[in-house]
Structures are given as structure tokens and as C-alpha cells.
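In what follows, a structure is listed as C-alpha cells, so that the remarks can point back to it.
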Amino acid sequence: MNEDTRRMAVRGVAILAVVIAGAIFARWLLRTDWQRISDSVDDARDALVEQRDEDFLEFFTDDLVYLETSDRTALERDLARWHSMGLASVYVQSREIEIDGDDAQVTLTVFAGQSLILMKMGQVDVVLDVVKDADGAWRVRSFAWKRQ
């Protein structure tokens, strides 16, 4: 391979890498609301399991309605209780997301516990009422769950 051919091949690979990176970025940037909500659910689950409480609580509005009659303070208390129980695994078995403009309802079937094998809490049905804020982020304004 001569020097000109080598340079042309390197340029081709570089151009291809830029095009692929641009396509990946565009796909991330142009995600649908369904994808954004689903990604937020996964990010919140990760923050919960990793005990990053501040990150977890960022997914909720300040005026959160928790378990139909409580507020954000009650969620923070339960969060501490979940950590003391050793909640190390949360697996989202199913998710339904229904979007209506800037509002959405998310229904999850979740398995939670110390590990995927020893699910201490077992199956938990979760219902989230989410709203799109001014920045386009989806945040939970109502959070209810029930252990099965």
C-alpha cells in the first residue's frame, strides 16, 4: 500500500467515525418522549439501588404526592427504610407508558430485594404520574406502589 492510499484510507475511516458518532448523537438527541420517560425510569432505578439519594430524588417534583396522601418527606423516610432493608436489586419486569401531551402515566411491575434470587420485597406494582417540566425533562408528581 503506497502513502497516498494509506492517507486516503485513514481519512475514510476518520470520516466514517465522525458520521457514526453524529448518527449516535442525533439518535440520542431525537429520542421520543416514551424513550425519555423509559430512560428516566431506568436512571431512577439505578440511583435507588446505588443509594444516590440526591440523584433519585431529582426525578420527583417538589409538590410530589406520595402514596396518595403523603408527600416528599414521607418518600425520603421510606427511602432510608429501603436502604436499611438492604434493597440491592430492582428489576423492572414490565412497563406501560401512556403519554397525553405534557402528562404521562407510567405503570411498572417491579421485583425488588436483596438480589434477583432473594427478592425480599417481591413483586411491587408501581404507578407514576409524570409531567414534562419547562426544560423538557419528565418528573414524577405522583408516586404510588403496592406490594403483591
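The values are calculated or read from the model by the stated rules, or taken from the named source; none is laboratory data. Keep in mind the model is a prediction, meaning the values are calculated, not measured. As a convention, Cβ positions derive from the backbone with ideal geometry for all residues, glycine included, and neighbour counts pool all protein chains shown.
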Any hit, the stretch 65-73, residues being over 17 Å from the mean Cα position of the chain (by Cα), under 25 Å from Ser94 (Cβ atoms) and acidic (Asp, Glu): yes
Extreme residue, modelled with the lowest pLDDT, among residues of the stretch 65-105 that are among the β-branched types (Val, Ile, Thr) and out of contact with any strand residue (DSSP E or B) (no Cβ under 8 Å at 6 or more places or on another chain): Thr69
Filter result (among the charged types (D, E, K, R), closer than 30 Å to Trp138 by Cβ and either at pLDDT 75 or above or loosely packed, with under 10 Cβ neighbours inside 10 Å (or both)) within the stretch 1-31: Arg31
Condition check for Arg81: over 22 Å from Arg31 (Cα atoms) and of a type in the set (D, E, K, R): yes
